[in-house]
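No lab work stands behind these numbers, since they all come straight from the coordinates. In this text, all values refer to a predicted model and were calculated from it rather than measured experimentally. Virtual Cβ from ideal backbone geometry, glycine too; neighbours counted across all protein chains shown.
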Amino acid sequence: MSKKIFSGVQPTGNLHLGNYLGAIKNFVELGKDKENECIYCVVDLHAITVKQDKDQLKNNIRETAATFIASGIDPNKNIIFNQSKVYAHAEGSWILSCLSPMGWLNRMTQFKEKAGKDKEKASVGLYIYPILMASDILLYDATHVPVGEDQKQHLELTRDIAHKFNKEFACEDFFKIPEPLIKKNFSRIMSLKDGLKKMSKSDPSDLSRINLTDSEDDIINKIRKAKTDSSPIPNEERELKDRPEAENLLRIYSSILNQTLNKTLDEFGGKNFSEFKSQLAEILSSKISPISDETRKLISDKEYLDKILLEGASKAEEIAGKKIKEMKQIIGF
Ligand code: AMP
Ligand code: TRP
């Protein structure tokens, strides 16, 4: 069955291995299937829910688009664009905000994490961030949304909002109900320094993550310094319980090679981590360094990137512009 795919990544710098294995690698695979219609968005309106530096934001928008292309997303087959160029996203978000009860938003765990202790100081934008995400998805009638595990709750909210709109305005099937596509075993890549913390752009320690712009030497160094424990690699998955750092590295290896964790354990069970780490560093360098090199090359060609983003926005505008018009008619404008 052909799928309509929509997903987004924030241009907030430091794209990392978690973004790649949890989301972008999946974007590439879905984009290669000729049956699928894929739209990948650099969600710059989401980025400004926290303070951004103007010049850095500009660079990060291009860098995110460059990473998409360098990872293997073909801009001739798939739409790549940045969100702020298509007005319907913000307009749709306003309309959906008026429909979404605060109680639903109060349940969002990502807001609680991001706002931290002082919620009074968090922006209203950060609070309604998931509604903008719902607008992104629903404007394109997306049937499937590839994301990492941390976005699951936002996808559920999107589904609830879509149902509510369809019901409230008696327009059954107007909004399609999107399905999340979450890679079961690799949906949450953890920090290299703490197996209980998600690998994240905002971790102050650069050693906690493999950036998609890291050189081979950086990757080797970071894997060498990655936290493990003193026991050898087990033979069985259940023996990884309570060994989060060990499990994370073994999962990264399995994910990058598209193999099961069991297969990796068959290969390395009984061996020590130093041997495994050198293999992991080698595999990661061979997969990530070409992406870093290509991203760097693409970033230097601003004109090319701007052209891709502009063409993408014009195609996206056609789809989203039509949908927002229909939305406005339905609600009585
Ligand atoms: P963001 O950088 O927050 O815009 O995230 C972009 C995509 O990467 C989303 O689909 C996230 O769910 C995914 N993602 C971010 N961090 C991780 C991680 N540590 N493990 C797996 N997926 C992640
Ligand atoms: N909220 C997502 C994140 O932080 C990014 C995002 C914005 C998104 N709009 C989207 C993801 C629409 C999928 C679909 O990772």
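Worth pointing out:
- Taking the criterion of being assigned to a helix (DSSP H, G or I), within 16 Å of ALA281 (Cβ to Cβ) and charged (D, E, K, R), the residues of segment 213-265 that qualify are GLU216, ASP217, ASP218, LYS222, ARG224, LYS225, GLU245, ARG251.
- Within segment 30-48, being within 14 Å of ligand 1 (Cβ to nearest atom) and either in a helix (DSSP H, G or I) or surrounded by fewer than 20 Cβ atoms within 10 Å (Cβ to Cβ) (or both) holds for LEU30, ASP44, LEU45, HIS46, ALA47, ILE48.
- Residues in segment 88-121 that are assigned to a loop (DSSP other than H, G, I, E, B) and within 16 Å of ligand 1 (Cβ to nearest atom): MET108 only.
- Residues in segment 165-188 include at least one that is surrounded by fewer than 21 Cβ atoms within 10 Å (Cβ to Cβ), small (Gly, Ala, Ser) and away from ligand 1 (no atom under 15 Å from the Cβ).
For every residue, the table says whether it meets (1) of a type in the set (Gly, Ala, Ser); (2) within 30 Å of GLU294 (Cβ to Cβ); (3) free of Cβ contacts under 8 Å to residues at least 60 places away in the same chain.
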position	(1), (2), (3)
ASP136	no, yes, no
ARG159	no, no, yes
LYS167	no, no, yes
PHE186	no, yes, no
LEU192	no, yes, yes
SER200	yes, yes, no
ASP203	no, yes, yes
SER208	yes, yes, yes
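- Set LEU196, LEU257, LEU250, LEU280: member being in contact with a Pro (Cβ under 6 Å, 6 or more places away or on another chain) and more than 16 Å from ligand 2 (Cβ to nearest atom): LEU196
- Qualifying positions in segment 135-156 - in a helix (DSSP H, G or I) and within 8 Å of ligand 2 (Cβ to nearest atom): ASP136, ILE137, ASP150, GLN151, HIS154, LEU155
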